[in-house]
Amino acid sequence: MKYDRIDQQLFIENRKRLAAKLAPNSIVILQSNDFMPRSADGFHEWRQSPDLLYFSGIDQEESVLVLFPDCVKEDFREVLFVKKTNEYIKVWEGHKYTQAEATETSGIKKVLWLDSMPTILNELINLADHVYLNTNEHDRYSSPVMTREDRYLTDFKRDYPAHSIKRLAPIMKDLRMIKQDIEIALMQHACNITKAGFDRVLDVTKPGIWEYEIEAAITHEFLCRRATGHAYHPIIATGDNANILHYNENNTQCKAGELILMDFGCEYANYASDLSRTIPVSGRFTDRQRDVYNACLNVQNAAIDMLRPGTNLDAYHKEVGKVMESELINVGLLDRTEVSKQDPARPLYKKYFMHGTSHHIGLDVHDVGHRYATFEAGMVFTCEPGIYISEEGFGIRIEDDILITDGAPRNLMADIPKTVEAIEEKMNTA
Ligand code: GLY
Ligand code: MN
Ligand code: MN
């Protein structure tokens, strides 16, 4: 692994928290991710299933995790199946977990080779009253491609038609949306690496630089610090490109006077960070750019302060919308009288701020979580208001990752330059 081994206590605790949420005498079967084919003999970069990782830390393909907390066969309450290496794999792919290493990583004593799984798992399944299987129930997910979990579910229904299958996904949302201390430390580490990327951007940006050169500088900083890479495709958008929300061609030259909107974040130990900053190519904001930037920052400051226990995403988004409305009036983009007459179902601010303010972040950048859950300490959300003005050729987004606590919200990106003054100072210091 590129990252330092994670304390197995995280996985041990996560398995305990899972056990407390299962129906009596249930078995949970989790599959690792497939290698996704690309073309010819190529594959896309492999990434472990976050749910399997969450309970085991096992970051290797073809692994299966079986959890059966009430199993009458006590030493089969936690079983990990991993693939056995051989001379061929050693030469062509390199090291795979030994059983002892898999135990050390996960805290699971019973680690067996994958080829022994069919017989053993069959017996365990027949001892259980319920079988929890995993599916991707992310609100934004839709894909015709079957995952290893989908295929297992299909096969399972054929092989065990009379068994009671339960959905694991709602429990995964319950668990993963509250971050444990070890996870928060890993996320803070990811944010610190992302800061190094942004510091470098402030050093190298000047008129004439290309968006892809900025991307390359960020990638360099990430990889030099043992990040796996980017947590998502980075957006480096100069001028009007910023008004294409998912722009990621990163293929335009940056001109004097433009603003560059950047949305990037590293992934460290499978944990994501997600930052947006908007900076002037020439190192100084124009008066108009500064006014709109500060309007966006005012919204972000107000929104961060709302990330506290007790509210929920829907109520929070409505409140943030009101602050945005008022800031857009202040910078002359909306008219107060027209706002007072607007259809509340279609608020006028959406013309300039058309996306949500916050999403959960964790093992996935748009992490799993219940949409209508009340905010609780331990949740980590992004906070990312934006103002997009195509007519004026620029767009602004400011995004930080925020931990909800029982007291004030904790900004995991608090030391990443953000005010007009801090950005200008850094860009103009040799
Ligand atoms: N970088 C993706 C997002 O901000 O949601
Ligand atoms: Mn982002
Ligand atoms: Mn985001």
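None of the figures in this text is laboratory data; all of them are computed from the coordinates on show. Please read these numbers as outputs of a predicted model, since none were measured by experiment. Quick reminder, even Gly has a Cβ in these numbers, built from the backbone with ideal geometry, and neighbours come from all protein chains shown.
Here are some notes:
- Gyration tensor (alpha-carbon) shape descriptor, segment 205-278, a/c threshold 1.5: prolate
- Within segment 269-367, trypsin sites (Lys or Arg not before Pro) in DSSP loop having at most 10 other beta-carbon neighbours inside 10 Å: 341
- Cα centroid separation - segment 352-430 against segment 113-168, whole Å: 37 Å
- Inter-site label distance for residue 126 and residue 103 at 7 Å from Cα along Cβ, in nm: 2.8 nm
- Estimated vicinal HN-Hα couplings, Hz - segment 23-28 in sequence order (Karplus 6.51, -1.76, 1.60; Gly, Pro = x): 5, x, 6, 10, 10, 10
- When the Cα positions of 323, 309, 261 are compared along the charge dipole of the chain, 309 comes out farthest toward the positive end, with charges on each C-beta of Lys, Arg, Asp and Glu.
- Filter on 84/166; 2/109; 83/109; 195/255 - keep pairs with C-alpha separation over 28 Å: 84/166
- Sites listed here are GluC sites (Glu not before Pro) in segment 50-153 whose DSSP assignment is loop and whose Cβ has at most 11 other Cβ atoms within 10 Å: 93.
- Computed over the chain with a Gaussian network model linking Cα atoms closer than 10 Å, the most mobile of 71, 266, 383 is 71.
- Once the Kirkwood radius over Cα pairs is known for the chain, the Stokes-Einstein relation at 4 °C and 1.567 mPa s delivers a diffusion coefficient of 55 µm²/s.
- Ranked 127, 259, criterion: other C-beta atoms within 10 Å, fewest first: 127, 259
- Those trypsin sites (Lys or Arg not before Pro) in segment 124-191 that DSSP places in a loop and that have at most 16 other beta carbons within 10 Å: 140
- Note on residue 167 and residue 38: the model spin-label points, each 7 Å out from Cα along the C-beta direction, lie 3.5 nm apart.
- Compactness check for segment 224-335: Cα Rg over 2.2 N^0.38 Å is 1.24.
- Only Lys, Arg, Asp and Glu carry charge here, each on its Cβ (+1 for the first two, -1 for the last two); on that basis the chain has a dipole of about 560 debye about its Cα centre.
- Rg and Dmax of segment 1-73, both derived from C-alpha coordinates alone, stand at 14.9, 48 Å.
- Highest-MSF residue in the chain out of 234, 347, 50 [GNM, Cα springs under 10 Å]: 347
- Rounded if a/c under 1.5, otherwise prolate or oblate - segment 12-146, Cα gyration tensor axes: oblate
- Of all DSSP-defined beta bridges confined to the chain, some 75% are antiparallel rather than parallel.
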